[in-house]
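The values are calculated or read from the model by the stated rules, or taken from the named source; none is laboratory data. Computed from a prediction, not measured in an experiment: that's the story for all the values here. When we count neighbours, we look across all protein chains shown, and the Cβ atoms used for this are built from the backbone with ideal geometry, even at glycine. For the accessible areas, the whole protein counts, side chains as well, though only heavy atoms, and no ligand, DNA or RNA atoms are used. Shrake-Rupley method; radii C 1.70, N 1.55, O 1.52, S 1.80 Å.
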Amino acid sequence: MESNQLQGVAVIGGGPAGLMAAEVLAAAGVRVDVYDAMPSVGRKFLLAGRGGMNITHSEPYGAFLARYGSRAGVMRPMLDAFKPDDLRAWVHGLGIDTFVGTSGRVFPTEMKAAPMLRAWLHRLRESGVHFHQRHRWLGWTADDSLRFATAAGERRVRHAAVLLALGGASWARLGSDGAWQPLLAERGVGIAPLVPANCGFDSGWSAHFSEKYAGQPLTTVAIGGRKGQMVVTATGVEGSLVYALSAGIRDRIAAHGSATIELDLLPDWPLERLRQELSHPRGSRSMSSFLQSRVHIKGVKTGLLHEVLDKEAFHDPLRVAATLKALPITLRAPRPIDEAISSAGGVRFEALEGTMLKAVPGVFVAGEMLDWEAPTGGYLLTACFASGMAAGKDMLRYLMNPADAA
Ligand SMILES: Cc1cc2nc3c(=O)[nH]c(=O)nc-3n(C[C@H](O)[C@H](O)[C@H](O)COP(=O)(O)OP(=O)(O)OC[C@H]3O[C@@H](n4cnc5c(N)ncnc54)[C@H](O)[C@@H]3O)c2cc1C
């Protein structure tokens, strides 16, 4: 036990938010100890890099801010201080180039996170940051020492200030499991329950449809006029278009028990044109081959028509045309949070003074564990970096004058 150690600060959680805070603090000459439950830091960041990491987005800043929805106002001061262009410049400072993809998303060259993380950790170590892996934070003792579970038993340490950047609750095997919620709740911190964000949904396909089409992509479809890609899963749907709409769908399910989306299977075809094409005589052809030759509908898209239309309706060209433009899929539940790309909910902004917990002075919070959400496309990482930077700066002010809370 080292309960009298009160030197420097603790950053608990070595994801993008915690590491950014550590960088700000170390650059100001503060001794920083980074603690993480996992054998290495930045595991979710590395995973994010595996499928082509979007680090930020190049759209105009007003549109960028709007992606944070009802939290745009509270996030704004952090994002203003570390805008997407600042983030790009910071990545360049690590010796990694970035480029803007056709979607406007910004990627590091090679679209990988590993070279970036390697360069960053090297720089952090050079600047004196100390890393303590396999340290799972368990909360506080009665005298406000931090409790960590380690391979050598429980370790207790004290620091002048603490920054929590413990992430949300998706992909728990990468380290962020949301286990911090009761630890903060019992200190009187207001927390909105963590729920899945950027997630898939269950719809309840027929066994036949699920067996035949699970894993099949639905390329260029639209929902509510928004075009994109999605994938049929064994139990429902997932993919970028679904993720983009997932916050609204999730909230509708929570309020009403289910949410019905209307899928446009042919977004480039006006309904009238479809009607005309399908009003041609079918002759002896089956309806499926007629649909394929006239409007290029086949495979999983034909399967979807069968899923929602009875036999009579499936042979009625006008019903088919209308359904191709607005195929109803009732979604009944989001997939479990562990499968989601990110979490919504977390420490409420009302519980904060700047980024410091009102209920626990000297403890700061950053990253995905704050109560905001955003779509995929670089918005998540940008906000994690920006909030880590803000929390690091708030902590510096606190260290200079603890009485003057953040
Ligand atoms: C598959 C996937 C792809 C993604 N792709 C993108 C993308 O392309 N672009 C984008 O912007 N975002 C993407 N994200 C989201 C992004 O990775 C996260 O939003 C971001 O990593 C959150 O950063 P954070 O620092 O808040 O938390 P995390 O990165 O989750 O880090 C939290 C850290 O805290 C540690 N920790 C947790 N609890 C404890 C404890 N009790 N004690 C000690 N340590 C603890 C964890 O081990 C972890 O290292 C993706 C996410 C996933 C899952």
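Tabulated data for the structure shown
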quantity	calculated
Test: residue in segment 375-383 that is in contact with a Lys or Arg (Cβ under 9 Å, 6 or more places away or on another chain), open to solvent by 50 Å² or more (accessible area, probe 1.4 Å) and under 26 Å from Val24 (Cβ atoms)	no
Test for Glu126: is it over 27 Å from the mean Cα position of the chain (by Cα) and open to solvent by 20 Å² or more (accessible area, probe 1.4 Å)	yes
Output for segment 28-60, where each listed residue is out of contact with any strand residue (DSSP E or B) (no Cβ under 7 Å at 6 or more places or on another chain), outside any loop (DSSP other than H, G, I, E, B) and closer than 19 Å to Arg88 by Cα	Phe45, Leu46, Ala48
One residue from Leu271, Leu278 being hydrophobic (A, V, I, L, M, F, W, C) and open to solvent by less than 10 Å² (accessible area, probe 1.4 Å)	Leu278
Given (1) surrounded by 15 or more Cβ atoms within 10 Å (Cβ to Cβ); (2) β-branched (Val, Ile, Thr); (3) touching a Leu at 6+ places or on another chain (Cβ under 8 Å), number of the condition Thr233 does not satisfy	(3)
Set Gly190, Gly178: member being under 18 Å from Glu373 (Cα atoms), within 16 Å of the ligand (Cβ to nearest atom), in contact (Cβ under 8 Å) with a residue 12 or more places away in the chain and open to solvent by less than 40 Å² (accessible area, probe 1.4 Å)	Gly178
Every residue from segment 193-223 that is among the β-branched types (Val, Ile, Thr), in contact with a Pro (Cβ under 8 Å, 6 or more places away or on another chain) and closer than 20 Å to Asp251 by Cα	Val195
Counted residues, segment 59-84 - those being open to solvent by 30 Å² or more (accessible area, probe 1.4 Å), under 22 Å from Leu117 (Cα atoms) and within 14 Å of the ligand (Cβ to nearest atom)	0
